[in-house]
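Read the structure below first, then the notes.
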Amino acid sequence: MSIGVGVVGSGFMGRTWSAVAATCLPGARLAGIAGGSRAPEVATEFGCRLFPAVPDLIEDPAVDVVVVASPPAAHRDQVVAAARAGKHVLVEKPMAQDPRECAEMVAACDEAGVRLAVVSQQRFRQVPATAKRLVDEGAIGRVTMVRALGPEVGFWDTAKTRDAWKLDPAQQTAYASWGAHACDLLRWLSGAEAEVVFALFGEFSSQPPPMRSAMVTYGLTGGAMAQVWMSYDIPPPGLGSGLQFLVVGATGMIEFDAYGTLRLARDGAWSTVTRQPDFDAANPRDPVRLGAYAAQLGDLLDAVTQGRPPAVTGSDGLLTTRMLHGAERSAQRGASVSLRNLSVSDS
């Protein structure tokens, strides 16, 4: 028996998740789509049901899992509604607009006894997954420092995806959009949580979105340190892909490009360990690109049938959102912010 997947949202990611449910997972079927101006187009492309409204999809008995790929301002209400309807949920990043909303989503799913997963497809790509394996195997010893770099030549999202809402900071800030990936991987690779943050946000272009560049420092549990540098103000020819990491350990280092090569420094020398197969990040139906999304949705389906938590839980999403929200607070205040004291009521 296949699991019915309903997709909320018809932008670039709504189309991506529709492709995954329709073509990538034998145990899943695309039960339908709702929401957004392109929903009829996506329904026609994949030959699935077009629901007249999001509540109709959420309440339909043919839908077992709801993928929420709408703009972040709608995430909380849609996830809570899905939970109350008894549906398991995979919600796109950023999980919500602040930690309070995330906590409400987690509580609603816990109360309903349904699984809540948060999109972090980078955990399922070959290069970051290899980095995690090496860290867990002790290849570089205890993690002491992490640097995440996201240098982009211009903000590409709207030109390639037609998702104009991404330019609206009321929907999501530039840092929350990219930083959701960086901060989740930072937590995952280090095995630590952020305790304090100091952030500077700026912009060096008249092009939207505002606050296109960020330099953020996090202090982690156990004494490790992390630096996150994001910018959409990098001049040509650029500095490589938009997601690069350096993980420093007590006895070695891992350097990787999530879209390229992973190198390991051990015993005084660098060696290449693996390389991510090439794919077109702007093509929602590129089969290599879809592999990571299929792996994450497959993980949620397995979690449902096996009665276990998904690989990236709602609690993970809440902690990542706390890092993003804390950085935004720090940049506004011009001072460091204690994340331990940033309660969900301080959102």
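Could you say which residue among Leu264, Leu301 is over 17 Å from Arg133 (Cβ atoms), out of contact with any His (no Cβ under 6 Å at 6 or more places or on another chain), open to solvent by less than 40 Å² (accessible area, probe 1.4 Å) and in contact (Cβ under 8 Å) with a residue 60 or more places away in the chain? Steps first, please.
Numbers: Leu264 fails: over 17 Å from Arg133 (Cβ atoms).
Selected residue: Leu301, the only one of Leu264, Leu301 that is over 17 Å from Arg133 (Cβ atoms), out of contact with any His (no Cβ under 6 Å at 6 or more places or on another chain), open to solvent by less than 40 Å² (accessible area, probe 1.4 Å) and in contact (Cβ under 8 Å) with a residue 60 or more places away in the chain.
Can you tell me which residue within segment 120-144, out of those that are farther than 19 Å from Pro277 by Cβ and charged (D, E, K, R), is most open to solvent (accessible area, probe 1.4 Å)?
Here the residue is Arg142.
So, restricting to helices (runs of 4 or more DSSP H) that lie completely within segment 3-104, which ones have at least 3 residues that are in contact with a Leu (Cβ under 8 Å, 6 or more places away or on another chain)? Give the steps one after another, and end with the answer.
Working: elements: 12-23, 39-46, 54-59, 75-84.
Once the helices (runs of 4 or more DSSP H) in segment 3-104 are filtered for at least 3 residues that are in contact with a Leu (Cβ under 8 Å, 6 or more places away or on another chain), what remains is 12-23, 39-46.
Which of the residues belonging to segment 42-67 are under 13 Å from Ala19 (Cβ atoms) and within 25 Å of the chain's Cα centre (by Cα)? Before the answer, list the steps.
Filtering segment 42-67 down to residues under 13 Å from Ala19 (Cβ atoms) leaves 42-43, 45-48, 67.
Within segment 42-67, Val42, Ala43, Phe46, Val67 meet the criteria.
Do we find that Val119 is closer than 19 Å to Arg187 by Cα and touching an Asp or Glu at 6+ places or on another chain (Cβ under 6 Å) in this structure?
Working: closer than 19 Å to Arg187 by Cα: yes; touching an Asp or Glu at 6+ places or on another chain (Cβ under 6 Å): yes.
Answer is yes for this residue.
For segment 313-342, which residues satisfy the criterion of being assigned to a helix (DSSP H, G or I), open to solvent by 20 Å² or more (accessible area, probe 1.4 Å) and either of a type in the set (S, T, N, Q) or at positive phi (or both)?
Ser315, Gln332
Only one of (1) touching a residue at least 24 places away in the same chain (Cβ under 8 Å); (2) out of contact with any strand residue (DSSP E or B) (no Cβ under 6 Å at 6 or more places or on another chain) fails for Thr44. Which number is that?
(1)
Evaluate the following for Arg100: is it in contact (Cβ under 8 Å) with a residue 60 or more places away in the chain and open to solvent by 40 Å² or more (accessible area, probe 1.4 Å)?
Details: in contact (Cβ under 8 Å) with a residue 60 or more places away in the chain: yes; open to solvent by 40 Å² or more (accessible area, probe 1.4 Å): yes.
In short, yes.
Listed residues Pro310, Pro284, Pro237; which is within 25 Å of Ala159 (Cα to Cα), open to solvent by less than 40 Å² (accessible area, probe 1.4 Å) and either modelled with pLDDT of 95 or more or within 17 Å of the chain's Cα centre (by Cα) (or both)? Spell out how you get there, then give the answer.
Values: Pro310 fails: within 25 Å of Ala159 (Cα to Cα); Pro237 fails: open to solvent by less than 40 Å² (accessible area, probe 1.4 Å).
So the residue among Pro310, Pro284, Pro237 that is within 25 Å of Ala159 (Cα to Cα), open to solvent by less than 40 Å² (accessible area, probe 1.4 Å) and either modelled with pLDDT of 95 or more or within 17 Å of the chain's Cα centre (by Cα) (or both) is Pro284.
Mind checking which pairs have a first residue in segment 9-20 that is under 20 Å from Pro52 (Cβ atoms) and open to solvent by 10 Å² or more (accessible area, probe 1.4 Å) and a second that is modelled with pLDDT of 95 or more and basic (Lys, Arg), Cβ under 7 Å, 6 or more apart or different chains?
Every condition considered, the pairs that remain are Gly11/Arg38.
Give segment 182-209 a look and list any residue that's touching a Phe, Trp or Tyr at 6+ places or on another chain (Cβ under 9 Å), open to solvent by less than 20 Å² (accessible area, probe 1.4 Å), assigned to a strand (DSSP E or B) and over 30 Å from Gln126 (Cα atoms), or say none.
Listed by number, the list holds a single entry, Ala199.
Mind listing just one residue for me: the one in segment 220-233 that is within 23 Å of the chain's Cα centre (by Cα) and not in a strand (DSSP E or B) and, of those, nearest to Leu167 (Cα to Cα)? Steps first, answer last, please.
We begin by selecting, within segment 220-233, every residue within 23 Å of the chain's Cα centre (by Cα); these are 220-221, 224-233.
When the remaining residues are screened for being not in a strand (DSSP E or B), the result is 221, 224, 232.
Numbers: Thr221: 34, Ala224: 34, Tyr232: 12 Å.
Among residues in segment 220-233 that are within 23 Å of the chain's Cα centre (by Cα) and not in a strand (DSSP E or B), the one nearest to Leu167 (Cα to Cα) is Tyr232.
Can you spot a residue in segment 234-241 that is at negative phi and not in a loop (DSSP other than H, G, I, E, B)? Before you say what the answer is, go through the steps one by one.
So in segment 234-241, the residues at negative phi come out as 234-237, 239, 241.
If we keep only those that are not in a loop (DSSP other than H, G, I, E, B) too, we end up with none.
Looking through segment 234-241, none of the residues is at negative phi and not in a loop (DSSP other than H, G, I, E, B).
The values are calculated or read from the model by the stated rules, or taken from the named source; none is laboratory data. What you see is a predicted model, and the numbers here were worked out from it, not measured in a lab. Neighbour counts run over all protein chains shown; Cβ positions are idealised from the backbone, glycine included. These accessible areas exclude ligands, DNA and RNA; they are computed on the full protein's heavy atoms, side chains included. Shrake-Rupley method; radii C 1.70, N 1.55, O 1.52, S 1.80 Å.
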